[in-house]
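Participant: One structure coming up, written as structure tokens, with questions to follow.
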Amino acid sequence: MSSLQNNIEHLVREKLAVTDAGHDWWHAVRVRNNAMKIAEQEGGDLLVIEVAALIHDLVDDKFFEPEEAIQDVGFFLAEQGLDNDRINQVVEIITTMSFSKELEGLKVTSLESRIVQDADRLDAIGAIGIARAFSYGGHKQREMYNPDIAPVKHADASSYRNNGGHTINHFYEKLLFLKDKMKTAAGRQMAQQRHGFMEAYLEQFYAEWG
Ligand code: ADP
Ligand code: NI
């Protein structure tokens, strides 16, 4: 592993220490691994993809003040000797890839953005996606489920972000939509099985709830 990757790991571990277990260093590693797998089929600049995947959550507005965080990431990458063109690409990717940004109407365009966005979304679905949803709900002290509170169709990012509903609703407000929002053929294909697993999980959940 190069010193760039080592220094990124150090920074990401330190910064993500304040987040829930679904947004930790291991999430970054899984997103990197998903992204490299997608890139094997789709191509793209592997260095840009890897760096963006590893640091993408350092600018997450759920945990950080975004403007300051984006500046810090830019300074850090320049210090690491990454060229300006790649720094700009990485910043573009990590500031446009989120679900909330898509709800605001923003569409990612570059191949590298589409790959990293799909890689992050793969980690939001399937068995790990389920674990992450309950981790985040626990972090926010939310109910797991409440049959009296129906899901909401969020029209914009702030309604989505400020909703304090139970975690099962999150499946209907985001997670079950993701397979149709994948932006690469490889990502779309990988999402199918994970999506099916979530559907089976929900069925079992309701059966046990009774
Ligand atoms: P993005 O980072 O793409 O904007 P989000 O911030 O909405 O996406 O969510 C990232 C992950 O955080 C989700 O995939 C899920 O694991 C967790 N999460 C976010 N909001 C909720 C919620 N209301 N309930 C449960 N999990 C959530
Ligand atoms: Ni993420």
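The values are calculated or read from the model by the stated rules, or taken from the named source; none is laboratory data. All figures in this text were calculated on a predicted structure; none of them were measured in a lab. Please note: Cβ atoms are built from the backbone with ideal geometry, for glycine as well, and neighbour counts cover all protein chains shown. Note: accessible area is taken over every heavy atom of the protein model, side chains too, but ligands, DNA and RNA are not part of it. Shrake-Rupley method; radii C 1.70, N 1.55, O 1.52, S 1.80 Å.
Participant: What full-extension length gain, to one decimal in nm, is calculated for LEU202 and GLN41 as 0.36 nm per residue of separation minus the Cα-Cα distance? Before the final figure, lay out each step's value.
Facilitator: Values: separation 161, 0.36 × 161 = 57.96 nm, distance 3.14 nm.
54.8 nm is the gain from fully extending LEU202 to GLN41.
Participant: Sum -39500 (n - 2.57) across every DSSP H segment of at least 4 residues in the chain, then divide by the residue count to get the 222 nm mean residue ellipticity, nearest 500.
Facilitator: The helix-only estimate for the chain comes to -20500 deg cm²/dmol at 222 nm.
Participant: Next question, about the same structure. Which residue, chosen from ALA78, PHE177, GLY44, occupies the Cα position most advanced towards the positive end of the dipole of the chain, where the dipole is computed from +1 (Lys, Arg) and -1 (Asp, Glu) charges on Cβ about the Cα centre?
Facilitator: PHE177
Participant: Still on this model: Ignoring ligands, DNA and RNA, what accessible area per residue does the chain give at 1.4 Å, in Å²?
Facilitator: For the chain, the solvent-accessible area averages 50 Å² per residue.
Participant: Please arrange SER3, SER98 by accessible surface area, largest first, computed with a 1.4 Å probe and ligands excluded.
Facilitator: On the way: SER3 80, SER98 45 Å².
Listed by decreasing accessible area, they come as SER3, SER98.
Participant: Quick one: ranking VAL12, VAL152 by accessible area, 1.4 Å probe, largest first, what do you get?
Facilitator: Values: VAL12 0, VAL152 65 Å².
Solvent-accessible surface, decreasing: VAL152, VAL12.
Participant: Okay, next question. Determine how large the accessible area of ASP123 is when every protein chain is in place; take a 1.4 Å probe and give Å² rounded to the nearest 10.
Facilitator: Surface open to solvent at ASP123 totals about 0 Å².
Participant: Which order do LEU111, LEU46 take when ranked by solvent-accessible area (1.4 Å probe, heavy atoms of all protein chains), largest first?
Facilitator: On the way: LEU111 45, LEU46 90 Å².
Listed by decreasing accessible area, they come as LEU46, LEU111.
Participant: How much accessible surface area, in Å² rounded to 10, belongs to the heavy atoms of SER2 with a 1.4 Å probe?
Facilitator: 50
Participant: So what's the projected area for the chain, the Cα convex hull averaged over all directions, in nm²? Mind showing how you got there, number by number?
Facilitator: Working: hull surface 45.7 nm².
With every direction weighted equally, the projected area is 11.4 nm².
Participant: State to the nearest 20 debye the size of the charge dipole of the chain about its Cα centre, where the only charges are +1 on K and R beta carbons and -1 on D and E beta carbons. Show your work: numbers first, answer last.
Facilitator: Details: 22 positive and 33 negative charges, 124 e Å.
Its charge dipole is roughly 600 debye.
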